[in-house]
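S.K.: One structure is given below, represented as structure tokens, and several questions about it will come after.
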Amino acid sequence: MRKRQARPSVARVYSYVLGGRDNYGVDKALGDYFIDDLPGSVGVAIANRESVLRATRVMAAAGIRQVIDMGCGLPAAENVHEALRRIQPGARVVYVDDDPFVVAHGRALLAVDDAIAVVEADIRDPASIEKHAEVARLIDFDQPLGILFGITLSFVNDDEDPAGVVRYWADRIAAGSQVYLTQFRSGTSREAIATERKILEAFGRGRFRTDAEISACFGSLSLDPDGLTACTRWHIDPADTPEPSLWDELIIGGLARKQ
Ligand SMILES: C[S@@+](CC[C@H](N)C(=O)[O-])C[C@H]1O[C@@H](n2cnc3c(N)ncnc32)[C@H](O)[C@@H]1O
């Protein structure tokens with residue numbers, strides 16, 4: 001019999017709207033609310049995921065052979081190590097998540113060899129991640145490193161200092177490293193307000209931010225000239241011309257480099 005869960009989890013609801021099957025009734029109920037009542041939010045989740053994979057390929061094309069995925073989520077149709085290794089065979093990945101359900105599934109499905117680890121840790125405590133034995137084993141901080149924050153900082157409250165979390169890593173990574181960050185963007189539309197309210201109500205945390213607040217998270221890193229861009233358009237094939245939608249503006253991404 002399947003275990004009952006009292007609360008939905010971010011990872012399982014996100015996975016559910018992306019078509020995943022590892023969820024409980026409470027996750028499905030919330031996922032169905034997004035699908036039925038805020039249908040554009042499904043496109044937001046897909047756009048985020050696809051942009052994270054494109055960012056991984058951009059990093060790989062720049063020669064990056066090691067990535068830490070902060071708040072990796074449940075295994076998906078395509079995963080970061082697969083995108084990275086298509087360009088950089090044998091590249092190393094540390095997946096980090098604070099949800100034990102994600103970690104258990106990740107260890108079973110993502111950790112396919114010794115160059116991949118799935119670590120249970122809280123991104124709000126970066127020192128614990130840096131000190132983790134698997135990070136010490138797999139990550140060489142003297143070499144360019146890719147760091148992904150796929151939507152995760154949206155679940156870090158202001159008083160937990162999301163910019164400080166990025167700064168911690170910016171201070172440690174070598175020149176040539178890259179950080180890709182996506183974040184819910186605040187807005188005044190009915191959809192933006194309803195989505196933010198629902199996320200906060202369901203998960204007890206979650207913050208949509210202005211462009212200025214999101215840019216501030218990059219600190220001293222150099223944001224690419226394309227700046228913060230809707231994930232639907234970030235580094236897409238120029239031949240693709242997605243139909244603009246108000247939902248596009250609710251999730252944006254930016255890639256920054258350590259000079
Ligand atoms: C919506 S999923 C995104 C997954 C993936 N990064 C992506 O963009 O496709 C957010 C993930 O962040 C994780 N998460 C949220 N807050 C976290 C924290 N403080 N530390 C570690 N993981 C966290 C959740 O458990 C969840 O798996």
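The values are calculated or read from the model by the stated rules, or taken from the named source; none is laboratory data. Owing to the predicted nature of the structure, the values given are computational and were not obtained by experimental measurement. Cβ sites come from the backbone with ideal geometry, for glycine too, and all protein chains shown count toward neighbours.
S.K.: Could you list, in sequence order, the residues of the range 112-129 that are within 14 Å of the ligand (Cβ to nearest atom) and either part of a helix (DSSP H, G or I) or touching a strand residue (DSSP E or B) at 6+ places or on another chain (Cβ under 9 Å) (or both)?
M.R.: Those that are within 14 Å of the ligand (Cβ to nearest atom) and either part of a helix (DSSP H, G or I) or touching a strand residue (DSSP E or B) at 6+ places or on another chain (Cβ under 9 Å) (or both): 118, 119, 120, 121, 122, 123, 126, 127, 128, 129.
S.K.: Show the residue pairs that are 6+ apart or on different chains and have beta-carbon atoms under 7 Å apart, the first residue being within the range 39-57 and within 13 Å of residue 72 (Cα to Cα), the second being buried (at least 19 other Cβ atoms within 10 Å of the Cβ) and β-branched (Val, Ile, Thr).
M.R.: 48/151; 48/182; 48/251; 52/182; 56/67; 56/80
S.K.: Next up: Spot the failing condition for residue 175; the list is (1) more than 16 Å from the ligand (Cβ to nearest atom); (2) under 17 Å from the mean Cα position of the chain (by Cα), and only one is missed.
M.R.: (2)
S.K.: Moving to a separate point now. Filtering the range 1-26 down to residues that are farther than 16 Å from residue 75 by Cα and assigned to a helix (DSSP H, G or I), which residue is nearest to the ligand (Cβ to nearest atom)?
M.R.: 26
S.K.: Looking at residue 141 and the list (1) aromatic (Phe, Trp, Tyr); (2) surrounded by 21 or more Cβ atoms within 10 Å (Cβ to Cβ); (3) away from the ligand (no atom under 13 Å from the Cβ), which single condition is not satisfied?
M.R.: (2) is the only condition that residue 141 fails.
S.K.: Of the conditions (1) at pLDDT 95 or above; (2) of a type in the set (D, E, K, R); (3) buried (at least 18 other Cβ atoms within 10 Å of the Cβ), residue 248 satisfies every one except a single condition; which number is it?
M.R.: Result: residue 248 passes all but (1).
Residues are listed down the side, and each one gets a yes or a no for (1) exposed (fewer than 13 other Cβ atoms within 10 Å of the Cβ); (2) closer than 27 Å to residue 13 by Cβ; (3) at pLDDT below 95:
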{"position": "117", "(1), (2), (3)": "no, yes, no"}
{"position": "135", "(1), (2), (3)": "no, no, no"}
{"position": "168", "(1), (2), (3)": "no, no, no"}
{"position": "171", "(1), (2), (3)": "yes, no, no"}
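S.K.: Count, please, the residues in the range 61-83 that happen to be without any contact (Cβ under 8 Å) to a residue 40 or more places away in the chain, in a helix (DSSP H, G or I) and buried (at least 17 other Cβ atoms within 10 Å of the Cβ).
M.R.: 2
S.K.: Name the pairs whose Cβ atoms lie under 6 Å apart, with the first residue in the range 132-147 and farther than 25 Å from residue 254 by Cα, the second surrounded by 17 or more Cβ atoms within 10 Å (Cβ to Cβ) and among the small types (Gly, Ala, Ser), and 6 or more positions between them or separate chains?
M.R.: If the second residue must be surrounded by 17 or more Cβ atoms within 10 Å (Cβ to Cβ) and among the small types (Gly, Ala, Ser), the pairs left are 134/117; 138/117.
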